Amino acid sequence: MKTAIVGTGYVGLVSGTCFAELGHEVICVDNNEEKIKVLREGGIPIYEPELKELVEKNVKAGKLSFSTDIKEALKKSDVIFVAVNTPPLPDGSADLCYVEDVSKEIAQNLPGYRVIVSKSTVPVETGKWIKKTIDRYAPDGAEYDVASNPEFLREGKAVYDFLNPDRVVIGVESDRAKEKMLELYKPLKDKTEILVTNIESAELIKHASNSFLAMKISYINAIAKICERTEADVEEVARGMGLDERIGKHFLQAGAGFGGSCFPKDLSAFIDIAGKLGYDFSLLKEVEKINAAQKKGMVEKCKSMLWNLNGKKIAVLGLAFKPDTDDMRNAPSIDIINDLLQEGALLRACDPQASENAKKILPDSVTYCADAYEAAQGCDLLLIITDWEEYQQMDLGRIKKALNDPPSIVDGRNVFEPGEMKKRGFNYTGVGR
Ligand code: NAD
């Protein structure tokens, strides 16, 4: 099939590339000319494992191309995905301006029947607004359907997730749109369940899923607080809980809190839309509160080791919101680092991929280092915020030598075993154990 993806960011670029890999002809569109220029010249504007090779392969095969021209892309496509950003507004609601802009541009250039699919994460009933927008700006009698196809890929594993999804959710309101969407996902039909719902259910599935996952993380972080006040070890508690199939073992890792471009914003957007629909989702408000406290808790742990932080040198390992991505959007490191700087700490930070993005966000006083060993040099404490593989594998002997005495570690991701670390002579604390 012929497809256009409007919005060539993390989701748009991965989705477009993977649709091409599945055999379709795809045009990825973006209004960021620089981004499209980079892609046309063979570059990749984001770090995502496996993506570069797949883009190269499909561009070479003539199945994937890049453009800034929605009008041209619309002419050549049966299905148009809207994969633009839906960032949070100051009141927590989702900013749907970009979705509206693209809907309007599509409406004004509709060349015939098209399925217009929201892939962006949007509040329930956004599909209705997209439809109203298209009706307002499209020529009389224009033929189209609106659909919802929320994306569940995880950054860092995005290509794998897109090609091996747990499920595909398609929200439609006509058989014609349903057939087009099923045709598009036909290559995945033997691999995964394809769930067809109405548009509102599909939209809600995404917010409900992300909020549930965030709730699981805050839940185990709350359990970690109880563990810290007793002899219990949250890692053992989580393992014991996760063995129950009804609970499941995923998203039960206690740590420095969740972040990223999705969970915090989807949670607040869900709370907002629930409120507008007349339901006070207080459960999710508590999830947010626990997460904020968890990040503050990292600073408290540093203080409990160093007493006053003013003038103390701290090595920060990991800036991206999770391993295997360069994405700094809403990373827990941002709040933690700002609080540490507020306390007067001197920070030496490193991250295998996210340092360049971090420089645009974090205060200039942060010193960036090539790796954990350089960051640890002469520091009073080492704080692990993101559990990149290279930090899990680091040479603890070298780290111990690099740190000032007593060598102290706050492990915000429970990368190491407390007993082992004590044996090695570290002054060590993790989360919930
Ligand atoms: P992103 O910021 O990386 O990409 C969005 C792109 O849309 C940008 O390149 C931007 O230039 C482009 N854009 C904005 N307005 C445009 C317009 N009028 N015309 C053409 N292009 C335009 O965002 P993302 O992380 O890819 O997220 C996109 C959506 O997918 C969001 O709603 C997000 O919540 C959702 N989502 C993200 C993830 C993730 O892991 N990043 C996972 C699932 C769902």
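The values are calculated or read from the model by the stated rules, or taken from the named source; none is laboratory data. Just so it is clear, the model here is predicted, and its values are computed rather than measured. Note: ideal-geometry Cβ built from the backbone for every residue, glycine included; neighbour counts use all protein chains shown. Note: areas computed on protein heavy atoms with side chains; ligands, DNA, RNA excluded. Shrake-Rupley method; radii C 1.70, N 1.55, O 1.52, S 1.80 Å.
Considering only residues that are away from the ligand (no atom under 16 Å from the Cβ) and open to solvent by less than 30 Å² (accessible area, probe 1.4 Å), look in the stretch 255-286 and name the one that is nearest to GLU300 (Cα to Cα). Per the stated criteria, the residue is ALA256. When you look at VAL117, is it outside any loop (DSSP other than H, G, I, E, B) and open to solvent by less than 50 Å² (accessible area, probe 1.4 Å), yes or no? It is true that VAL117 is outside any loop (DSSP other than H, G, I, E, B) and open to solvent by less than 50 Å² (accessible area, probe 1.4 Å).
Just to be sure before I move on: is ASN58 within 11 Å of the ligand (Cβ to nearest atom) and either surrounded by fewer than 24 Cβ atoms within 10 Å (Cβ to Cβ) or within 23 Å of THR325 (Cα to Cα) (or both) in the structure I sent?
Details: within 11 Å of the ligand (Cβ to nearest atom): no; either surrounded by fewer than 24 Cβ atoms within 10 Å (Cβ to Cβ) or within 23 Å of THR325 (Cα to Cα) (or both): yes.
So ASN58 does not fit the description; no.
Examine the stretch 80-95 for a residue that is on the phi > 0 side of the Ramachandran plot, touching a residue at least 12 places away in the same chain (Cβ under 8 Å) and in contact with a helix residue (DSSP H, G or I) (Cβ under 6 Å, 6 or more places away or on another chain), and state whether such a residue exists. Looking through the stretch 80-95, at least one residue is on the phi > 0 side of the Ramachandran plot, touching a residue at least 12 places away in the same chain (Cβ under 8 Å) and in contact with a helix residue (DSSP H, G or I) (Cβ under 6 Å, 6 or more places away or on another chain).
Taking the numbered list (1) open to solvent by 40 Å² or more (accessible area, probe 1.4 Å); (2) in a helix (DSSP H, G or I); (3) not small (Gly, Ala, Ser) in turn, ASN330 passes all entries but (2). Checking each residue in the stretch 393-410 for being within 26 Å of ASP327 (Cα to Cα) and touching a Lys or Arg at 6+ places or on another chain (Cβ under 9 Å) picks out only VAL410. Taken as a whole, the structure leaves SER211 outside the set of residues that are among the hydroxyl-bearing types (Ser, Thr, Tyr) and over 24 Å from VAL117 (Cβ atoms). Considered as a group, the residues in the stretch 1-10 that are within 18 Å of the chain's Cα centre (by Cα) and in a loop (DSSP other than H, G, I, E, B) include one that is farthest from the ligand (Cβ to nearest atom), and that residue is THR8.
Taken together, the residues in the stretch 11-41 that are near the ligand (Cβ under 10 Å from one of its atoms) and either in a helix (DSSP H, G or I) or surrounded by fewer than 20 Cβ atoms within 10 Å (Cβ to Cβ) (or both) amount to 11. Note on the stretch 149-181: among residues that are part of a helix (DSSP H, G or I) and within 16 Å of the ligand (Cβ to nearest atom), the one that is nearest to ALA354 (Cα to Cα) is ALA158.
Kindly indicate whether any position in the stretch 307-319 is assigned by TED's automatic domain parsing to the domain that holds LEU382 and under 20 Å from SER261 (Cβ atoms).
Checking the stretch 307-319: at least one residue is assigned by TED's automatic domain parsing to the domain that holds LEU382 and under 20 Å from SER261 (Cβ atoms).
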